[in-house]
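Below: one structure, written as structure tokens.
Since every read-out is calculated from the coordinates, none of them should be taken as a lab result. Everything numeric here is computed off the predicted structure, so don't read it as measured data. Heads up, the Cβs are rebuilt from the backbone with ideal geometry, glycines too, and the neighbour counts pull from every protein chain shown.
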Number of protein chains: 2
Amino acid sequence: MAREMSQLKKALKQAGYKLTPARLAVIGVLQTHCEHYSHQQILTEGRKIYPKLSRATVYRTMELLVDLRLVRPIYLNDPTQRFVMATGGHHHLVCSNCGDTIEFDHCTTEQLAQELATKYNFQINSHLLEFQGLCKACH
Amino acid sequence: MAREMSQLKKALKQAGYKLTPARLAVIGVLQTHCEHYSHQQILTEGRKIYPKLSRATVYRTMELLVDLRLVRPIYLNDPTQRFVMATGGHHHLVCSNCGDTIEFDHCTTEQLAQELATKYNFQINSHLLEFQGLCKACH
DNA sequence: TATATAATCGAGACTTCTTCTCAGTTAGAG
DNA sequence: CTCTAACTGAGAAGAAGTCTCGATTATATA
């Protein structure tokens with residue numbers, strides 16, 4: 001966790017951005033609670049670290065992190081935008097009924113990614129694989 | 001296209017919902033322009049079919065179609081929620097820089113889906129596989 | 001075909017989310 | 001330590017999404 005945290009900080013700094021308390025609070029939230037946080041949740045959690053944190057700054061910081069491809073936005077099962085770390089891939093099973101989300105690790109997209117990169121001359125940085133259906137409690 | 005259209009209509013009817021002009025306009029948009037439309041775009045396009053179409057009805061209809069698992073929401077490269085048909089899977093390459101989206105057909109997740117369904121006792125209905133990176137124009 | 005009625009609608013008020021503006025503050029280079 | 005461009009919080013403004021309610025209508029049934 002501490003290692004990833006310093007990675008984010010390092011990336012920000014290398015890109016020429018200042019490491020302000022507000023940004024460190026947002027990064028802190030993203031790192032400590034490895035979840036799928038919305039802007040609102042990041043604001044609420046971030047204020048526990050840095051109480052003055054403003055809503056606008058959360059939006060600005062997340063936009064920055066997305067631009068730098070350090071995090072990426074996803075939708076789960078409600079109309080709220082959420083974020084995950086952009087390192088590697090993300091793999092979910094999302095229940096269409098209760099919204100429950102299971103993460104799984106094993107992923108078989110390596111070879112496909114290779115093929116697509118060649119075919120479309122596309123530099124692939126991360127991926128999202130999401131299955132939708134009904135969890136065991138809902139079917 | 002006409003076949004898919006009647007599938008959507010049939011599904012709505014079978015579920016006990018009325019086929020109103022407003023709903024047919026929304027369905028018409030989803031079917032005719034096989035794209036990733038936002039609420040706003042569906043409203044604008046839908047009004048070309050049925051001018052009285054209201055914003056609230058677009059939201060209501062999309063919620064309905066998502067509940068019935070006929071469409072599913074996705075996120076591409078801006079903070080707007082969009083929708084795709086929920087049949088089968090969806091496969092995109094999304095450029096982090098210009099937002100350009102390439103769709104591809106070949107997908108290798110069948111076996112993985114099987115394994116996960118068994119492991120988590122999860123009934124999988126559709127999937128989304130999305131690679132993020134830089135398109136050939138942006139790197 | 002006509003009728004009854006529950007489902008659905010449009011309009012607009014209202015709430016929530018996101019962006020913008022601006023004057024004050026500050027991280028970090030020198 | 002000083003200076004300055006980068007950054008911030010606060011709140012206004014604009015956009016997106018939800019809710020309410022009286023009017024309308026698709027469709028089952030006769």
In this structure, among B:K10/B:K52; B:K9/B:K48; A:K9/B:K136; A:K9/A:K52; A:K10/B:K136, pairs with alpha-carbon gaps over 22 Å are B:K10/B:K52; A:K9/B:K136; A:K10/B:K136
Spin-label proximity, B:E63 to the stretch A:95-139 - amide N less than 19 Å from point 7 Å beyond Cα toward beta carbon: A:96-100
Would you work out the Kirkwood radius for the stretch B:89-133? I mean one over the mean of 1/r across all pairs of different Cα atoms, in Å. 11.8 Å
Eigenvalues of the Cα gyration tensor times 5, then square-rooted: what semi-axes does that give for the protein assembly as shown, in whole angstrom, largest first? 33, 22, 20
Which residue fluctuates most in the GNM of chain B (Cα springs below 10 Å): B:P79, B:P51, B:P21? B:P79
Cross-link candidates for A:K119: which aspartates and glutamates have Cα within less than 20 Å, leaving aside residues fewer than 8 places away along the same chain? A:E110, B:D100, B:E103, B:D105, B:E130
For chain A, state the semi-axes of the equivalent ellipsoid (square roots of 5 times the eigenvalues of the alpha-carbon gyration tensor), sorted largest first and rounded to whole angstrom. 28, 22, 12
In nm, one decimal, shortest first: how far is the label point of B:N121 (7 Å from Cα along Cα to beta carbon) from the matching points in the other copies? 5.1
Using a label point 7 angstrom from Cα along Cα-to-C-beta, what distances in nm, from shortest up, separate A:K13 from the other copies? 6.6
What ranking do B:T109, A:T20 get, fewest neighbouring Cβ atoms within 10 angstrom at the top? A:T20, B:T109
Could you give, in nm with one decimal, how far A:Q40 is from each other copy of that position, shortest first, with labels 7 Å out from Cα toward Cβ? 2.1
What is the distance in Å between the Cα centres of the stretch B:86-135 and the stretch A:42-112? 17 Å
I'd like the orientation of helix B:2-14 relative to chain B: the angle between its Cα long axis and the longest Cα principal axis, in ° from 0 to 90, rounded to 10. 70 degrees
From the helices alone, meaning DSSP H stretches of at least four residues, give me the mean residue ellipticity at 222 nm for chain A, per-run term -39500 (n - 2.57), in deg cm²/dmol to the nearest 500. -13500 deg cm²/dmol
With Cα atoms, 0 to 90° folded angle of helix B:21-32 axis to chain B main axis: 30 degrees
Provide the gained length on full extension for the span A:E103 to A:K52, in nm with one decimal, where the gain is 0.36 nm per separating residue minus the Cα-Cα distance. 15.0 nm
